[in-house]
Structures are given as structure tokens and as C-alpha cells.
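What follows draws every value from the coordinates through simple rules; no lab data is involved. Since the model is a prediction, treat every value here as computed from it, not as a measurement. Virtual Cβ from ideal backbone geometry, glycine too; neighbours counted across all protein chains shown.
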Amino acid sequence: MFNPKYQILLTRKYFPQDKVVCLGTQLISIVSLIQAFLPGHMWYGADVDAVGKGAKKCNINNIQLNVIGTDFQFIEYCSDIEQFIGGVFLGINTNFVSQDIQGIELETEDEPFRSIPCEGVLIEIRAFDTSYFAIYSEDLDLMEKTAKIYDIEIDEIKS
């Protein structure tokens, strides 16, 4: 069961070159920066809504998890996205990928303190209404490394 203990919120302040948040290029930069901190993993997405040339390739518009693939495939996935309106992206340890991911549904409301019935989730990245990216994890070391990149504080989630 994934029940994140830590969160980081990346607002416009952390992307000074851009006027808005949740751009495809911003998600690419996040994934590119954190991929070295993650053990073997695959990316999954749910409830994705986006605009741009590649918006049709998202085709992930429900609350069930859909495989995106490796870091390279995730970056490729985001490459033609102008902006994410919303979306949930999970990095799941490859040791746990064999479970029935198709049966897992995510809550899509703004409930940051919810648990996901999925083992092996290393990190979750959510694009929120073009306002900010939220990064969640149970792994303090991972979150500290990520926070250091952005020179940001980690928020502890109190359940």
C-alpha cells in the first residue's frame, strides 16, 4: 500500500523561465533530474489531461493505471505535450510491476493524504490544474535528494 509520508510542491517559482506550470518540458526536467535516484522502475499514468500536439497520445483519461514505460519512454511521452491540465504519474519498482496494475484505480480529487492500493510505488508526481506539480514518496532519502535540486523544503504528511 502506497501511503506517502513526504511531499514537495513545485510552483511557478521553481520554473522561472516559464510563465505557467505543468508544461511537458517541466515534467521532462523533473524526471530527468530524479531518475538517477530511483532504483529500477517503470512509469504509469492515470487521469491525464493535456494540451499540445501530443495530447492525443496521452489517451489516459480514466482513473485506472496505464503503463507509460521507462524513463526514456516517459520523456518521449511528454515531449509533444504543451501543458498538462492534470495527471497522476507513478514510478513503480520493477520488482512489483508484475502485480495486476490494470485493476488499480486512483482517486483523482485533491486528496494528498490518500493511500493507493499498490505495492512498490517509489514516487508519485501529480500535475495539478496547471498550478503546480506535487511529488510524493515514502522515501525520505529520495525526497531529500529531490528537494536539494530545487532548494525547497519537504513537507511531512501527517495522516
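Brief remarks on what is shown
- Here the Karplus relation 6.51 cos²θ - 1.76 cosθ + 1.60, evaluated at θ = phi - 60°, turns the backbone of segment 27-41 into coupling constants of 5, 4, 5, 4, 4, 4, 6, 8, 4, 5, 8, 9, x, x, 7 Hz, with x for every Gly and Pro.
- Cα gyration tensor, segment 1-51 - rounded (a/c under 1.5), prolate or oblate: prolate
- Residues Lys53 and Glu153, FRET efficiency given R0 of 30 Å [Cβ-Cβ distance, rounded to 0.05]: 0.25
- For segment 3-55 versus segment 67-98, the gap between their alpha-carbon centres in whole angstrom: 9
- Between Val67 and Lys19, the simple spin-label model (points 7 angstrom out along Cα→Cβ) gives 4.1 nm.
- Listed peptides 12-24, 77-89 by packing density, highest first (mean Cβ within 10 Å): 77-89, 12-24
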